[in-house]
Each structure stands twice: as structure tokens, then as C-alpha cells.
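The values are calculated or read from the model by the stated rules, or taken from the named source; none is laboratory data. This structure is a prediction, so every number in the text was calculated from the model and none was measured. Neighbour counts are summed over all protein chains in view; Cβ atoms, including those assigned to glycine, are modelled from backbone coordinates with ideal geometry. The area values use the complete protein model at the heavy-atom level, side chains included, leaving out ligands, DNA and RNA. Shrake-Rupley method; radii C 1.70, N 1.55, O 1.52, S 1.80 Å.
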Amino acid sequence: MNWKRAKTLFIIVFILVNISLIIIYVDKVNKSQINDSEDESGVNFKQEEIKIPENLPSVNGLKMQLLTARSNDFSSYAKTRPSINSEHSGAVAKGDISDPINISNDQFTDLKSYVKGSVYKGEDYEMSHIDDEKVTFEQTYNDYPIMNNSRAKLEFNVEDGKASSYEQTAMKSIEPSEGTNNDKKQVNTARSAIEDLYYNRYLKRNDEVTNARLGYYTVVKEPNVQVLEANWEIKVKHGDKIKTYYVEAVADSPKIIEE
């Protein structure tokens, strides 16, 4: 046997095997780095033991901007309708329902029909909260709610499972705020807003995000004029308590307000 030739062949095979192993190792390292960078681009909520909704609202291609709105005066409207009175210099309309509406239906069909057909600009309101004593609707703009705003709300009083009267406020002349820096901007994702809560230590281990919705929140409030800004309303369960946070939806460094 030619040992010299065999030795040379062995060395060549050994080198080839090592080259193959190096290629496999480098490929694994590259893949690992890609996965790490993807993980580092966002919070791993599962690892942090924080629950968030599986299906968050999509904002793909959605742009929003600051709005200015004025309080509606119901004085003239109430004068032509015997069942409605205006109060607080016309800012509030109070209505009595002659035939109380049963709200036991899970879909609240009758109440929603009444709102659309018998309430001032009822088509602009959507249901937001229900309890044993009240059913609350919020005014909307372009299908997005004006959230947690006492000047843009419709509230029904409930007695024995029936809506018997209501109080209404409304915003009018809603339009983009004037100014050179009020161009429409892409809305940040709901997950990004939740991550902002985490980075600012509003979210901690064992917390649960129960809901996230997009709408308009008042950032400037004067007696008759308000400035509305796109915000994410995020509800978080801390133990046995639920808190509500508002996170600016189009800012690079969003401001957070805790209610």
C-alpha cells in the first residue's frame, strides 16, 4: 500500500469535512443572529408573562391628524321637541322616552334603532359601555370614537331593564386643526402602544392587556373648543384592578396619560 498517498488522501478528506462543518456552523450562527434581531425589535410578552390580545386592530395605511371641535348648543333643537329639554346653556339635551325601551336583547337592537332614528345625529354614536343602571354611547368622527369625553356622549338611564330617559352632549364643526405641522401621519400599531406602556413601566409581570382601541382623545379642553388627538385607549388588568391608559397614536415618542 502507498502510505504516502493514503496519508495525503486522509488529510484532504479531513480538510473537506472541517470546511463542511465550518459552513454549517456559520449558517446556524447567521440564522441565530437574524432570529435574535427579530426578537429584539419588540417585547417578548410571553416571556415577560404579560398577556395581550391575540387579534389587535390593524392600522395598515391609516393616517390621522389633530382635530378641532366645538360644543353643540341644543337650545334651538329642544324648543321644537316637547320631550327634550336643554340645560347648561344648551350644552346638554335631556330626553324622556314615552315608551321605555327593553334592553334585555343581547344585541340591543331596539335601543340602537331608537338612537339612529330618534336622537340628534344618532348615526354618529356607537355603544361603548353597559351596566345595570346606564348604557353609554360615544360620538364618533370618521367611525372612530371620541373617547372618554363628557362633551361627546349619549347616556341612557336604565330602570328595571328598560331605558326610560337619556342625556346627550355633542361636538360640532369637527375639522382638522389649523397649522403647518398638522399633516396626516401614519398611526402607530396597537402593539407599539402596548410596548410603550411596557418601556415606561406601566406594564409589569402578570399584568393583562384586556382591550386596545383607537380613537380621539382630548388634549386641549376649553369651555367651548377642544383639540382632539388620535390615541390608543388601552385597558390593563393589574391584579384585581383595571386601569385605562391613553397613548398618543401618531407621535414618535408617545405621551401616556393614565386615567
Under the condition of being assigned to a strand (DSSP E or B) and small (Gly, Ala, Ser), which residue from segment 66-89 is farthest from Asn182 (Cα to Cα)? Ser86
Of everything in segment 190-201, what is among the hydroxyl-bearing types (Ser, Thr, Tyr) and open to solvent by 70 Å² or more (accessible area, probe 1.4 Å)? Give them in sequence order. Tyr199
Answer with yes or no whether Glu138 is at negative phi, open to solvent by less than 50 Å² (accessible area, probe 1.4 Å), in a strand (DSSP E or B) and in contact with a Phe, Trp or Tyr (Cβ under 8 Å, 6 or more places away or on another chain). yes
Selection from segment 112-127 of residues within 14 Å of Gln168 (Cβ to Cβ), open to solvent by less than 90 Å² (accessible area, probe 1.4 Å) and assigned to a helix (DSSP H, G or I) yields Tyr114, Val115, Ser118, Gly122, Asp124
Considering segment 59-104, residues that are free of Cβ contacts under 8 Å to residues at least 24 places away in the same chain and among the β-branched types (Val, Ile, Thr), and then whichever is nearest to Ser118 (Cα to Cα), we arrive at Ile84
Which residue, of Asp183, Asp160, is surrounded by fewer than 20 Cβ atoms within 10 Å (Cβ to Cβ), over 26 Å from Glu258 (Cβ atoms) and in contact (Cβ under 8 Å) with a residue 60 or more places away in the chain? Asp183
Which one of the conditions (1) touching a strand residue (DSSP E or B) at 6+ places or on another chain (Cβ under 6 Å); (2) crowded, with 20+ Cβ neighbours inside 10 Å; (3) under 30 Å from Met64 (Cα atoms) does Ser177 fail to meet, given that it meets all the rest? (2)
Just one of Ala251, Ala163, Ala230 is of a type in the set (A, V, I, L, M, F, W, C) and more than 24 Å from His129 (Cα to Cα); which is it? Ala251
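Only residues that are over 14 Å from the mean Cα position of the chain (by Cα) and either exposed (fewer than 13 other Cβ atoms within 10 Å of the Cβ) or not hydrophobic (A, V, I, L, M, F, W, C) (or both): list them for segment 219-242, please. If you could, list the steps in order and put the result at the bottom.
So in segment 219-242, the residues over 14 Å from the mean Cα position of the chain (by Cα) come out as 219-228, 237-242.
If the condition is that a residue be over 14 Å from the mean Cα position of the chain (by Cα) and either exposed (fewer than 13 other Cβ atoms within 10 Å of the Cβ) or not hydrophobic (A, V, I, L, M, F, W, C) (or both), then Val220, Lys221, Glu222, Pro223, Asn224, Gln226, Lys237, His238, Gly239, Asp240, Lys241, Ile242 are the ones that fit.
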